[in-house]
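Engineer: Starting off with a structure, shown below.
FYI, it's all coordinate maths here, none of it is from the lab. Note that the structure is predicted; figures quoted are calculated from it, not measured. All Cβ positions, glycine included, derive from the backbone under ideal geometry; neighbour counts span all protein chains shown.
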Amino acid sequence: MSKVVDPEKREINFVEASASACPQAAYREILSGCPVGRFALTGAPVISRYEDVVWALRHPEIFSSAMDLQIALGTERPMIPQQIDPPEQTKYRKLLDPRFSKKRMMELEPAVRADANGLIDRFFDKGECEFDRDFAIPLPCNAFLHLMGLPPEELDTFLRMKDGIIRPHLTHEDMEAAQQYRIQTGKEIYAYFRDMIVLRRKEPKDDLMTYLVTCELQGRKLSENEIVDICFLFILAGLDTVTATLGCNVAYLAANPEQRRKLVADRGQIEGAVEELLRWETPVTAVPRLLKQDVTLNGLEMKEGELVTLLLGASNVDDEEFESAEDVDFARERNRHLAFGGGAHRCLGSHLARMELRVAMEVWHERIPDYEVKPGETPVYSPGIREVQYLPLVWPTGS
Amino acid sequence: MRVRVDSAACVGHGRCYEIAPEIFEDDERGHCVITREKVPPAHQDAARRAEANCPEQAIQLLTGDD
């Protein structure tokens, strides 16, 4: 019997920590054995098929995102717009979407390109780096600083605040101490942005923060709480996700040199590769939704108030949607992947992420076309958001 | 070939104007706007790929009348 699923009991024993490096096989077992089931450990429902996940994403009136209390992230109020539902959510998206449009993000491209080159300059001659620490972590964080109009010296502050929320256990082993630290970090984030609001009100600049303090929502300015609730989301959603995706992409390309050579030979393939690796790797493996009513799907009864996991990673390797789903094909003709979610909550930063990923892949492979994982070493993936927390790479330096 | 978009379904993934900029562009929010409802033969392949890469299935191609 499969270890991943128990079709009789409709249970999923998806041990993320062990599956995180290479979850695709487990996803496919879930899809075939238990496409709608419950986690054996928690009893929480899990929806995996592409068709079902798309349906859930498009029905926020049933599958709600209003769940700030259910997930302890150090927040005092729901993050905006991620943790509120339409129609309220739509008002905020109308305000924020234009600031995250493809056109806007293209304006940031030269700065991101310069950052990528600058980071590589630091370690290029050594012929090795730890990809996560030296490239994947600082690059998106710098992009965020550009966007917000903050100086590069703020990098360490933001990295500390983000880690204090996302992985407090790194600095605090004890569970309770970790949660206390998380709450304390949350307060620090609120205070940081409240200070910034004051600064931009006094002295407006041409940046996102100035936009947030000056823009109008149906004839009124945003409140201080609304602004900090938006900024909290930026820190949580905008930094780690691109870091994780960069790591997953480069780890894949290090392990698959024949695929990497395609990109190096033809830069025109990079966009297709970014999309295909978003599908295949799906670094944000799942999104949660709170049931607003009882739902029976594929014979499984789910109750109002249950917290459902939509397993995006599994949907993205579903044979019913993707032709030869197990092949990684940079020239895939039809790719409706859900790596950025879908429906009303489609990732607000998806155009920023795509630009960062494309530019990073271009610059990296221009500078370092030939690389591999350091012999004797193994990349380490984190559970949840699949960050490759340890990815030692080596390349020939020519000396 | 003609192309249509279901504006209520579009949420601004932006795959269409990335893949087929001759047919689609983005509005202020990054949602899809059709610039050429009648797709010239040279761009029909791109229009097909745009349709095949829309996660919301918001794009519809109507063939047979060209």
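Engineer: Applying 1/(1 + (r/R0)^6) with R0 = 22 Å to the Cβ-Cβ distance of A:H172 and A:R77, what FRET efficiency is obtained, to the nearest 0.05?
Structural biologist: After rounding to 0.05, the efficiency reads 0.40.
Engineer: Quick one: check the C-alpha center-to-center distance for region A:46-100 versus region A:237-314, whole angstrom.
Structural biologist: So the separation of the two Cα centres works out to 17 Å.
Engineer: Also: Putting +1 on Lys and Arg Cβ atoms and -1 on Asp and Glu Cβ atoms, find which of A:A72, A:G398, A:L145 reaches farthest to the positive end of the dipole of chain A.
Structural biologist: Going by the Cα projections, it comes out as A:L145.
Engineer: Over the whole of A:331-343, what's the average partner chain Cβ count within 10 Å per residue? Rounded to a whole number, please.
Structural biologist: Mean partner-chain Cβ count within 10 Å for A:331-343: 4.
Engineer: Of A:K162/A:K187; A:K126/A:K262; A:K91/A:K221, which sit over 19 Å apart, Cα to Cα?
Structural biologist: Beyond 19 Å between Cα atoms: A:K126/A:K262.
Engineer: Something else about it: Can you tell me which lysines have their Cα less than 18 Å from the Cα of A:K103? Leave out same-chain residues fewer than eight positions away.
Structural biologist: A:K94
Engineer: Let's see if you can work this out: charge +1 on each Lys and Arg Cβ, -1 on each Asp and Glu Cβ, no other charges. What is the dipole magnitude of chain B about its Cα centre, in debye to the nearest 20?
Structural biologist: With only Lys, Arg, Asp and Glu charged at Cβ, the dipole is about 140 debye.
Engineer: For region A:41-57, in order, what is each residue's ³J(HN,Hα) by Karplus, 6.51 cos²θ - 1.76 cosθ + 1.60 with θ = phi - 60°, in whole Hz (x at glycine and Pro)?
Structural biologist: Once rounded to whole Hz, the list reads 6, 10, x, 6, x, 10, 10, 10, 5, 3, 4, 5, 5, 4, 4, 5, 4.
Engineer: Is region B:2-62 rounded, prolate or oblate when judged by the Cα gyration tensor, a ≥ b ≥ c being the square roots of its eigenvalues, rounded requiring a/c under 1.5 and prolate requiring a/b larger than b/c?
Structural biologist: Note, shape of region B:2-62 comes out prolate.
Engineer: Positive end of the charge dipole of chain A (Lys, Arg +1 and Asp, Glu -1 on Cβ, about the Cα centre): tell me which of A:T157, A:V46, A:Y381 has its Cα farthest that way.
Structural biologist: Of the listed residues, the answer is A:T157.
Engineer: 7 Å from Cα along Cα→Cβ at both A:N117 and A:V264: what's the point-to-point distance in nm?
Structural biologist: Going by the 7 Å Cα→Cβ label model, 2.1 nm.
Engineer: When a/c is below 1.5 the answer is rounded, else prolate if a/b is larger than b/c, else oblate, so apply that to the protein assembly as shown with a ≥ b ≥ c taken from the square roots of the Cα gyration tensor eigenvalues.
Structural biologist: rounded
Engineer: Going by amide H atoms built from the backbone, whose H comes under 5 Å of the H on A:L297, apart from near neighbours?
Structural biologist: Amide H to amide H, under 5 Å and 5 or more residues apart or across chains, A:L297 pairs with A:M302.
Engineer: Evaluate the charge dipole of chain A about its Cα centre and quote only its size in Debye, nearest 20, assuming +1 on the Cβ of each Lys and Arg and -1 on the Cβ of each Asp and Glu.
Structural biologist: Dipole about the Cα centre, nearest 20: 1040 debye.
Engineer: Could I ask something else about it? Per-residue mean of other chain beta-carbon atoms within 10 angstrom of the beta-carbon, peptide B:4-17?
Structural biologist: Rounded to a whole number, the mean comes out at 4.
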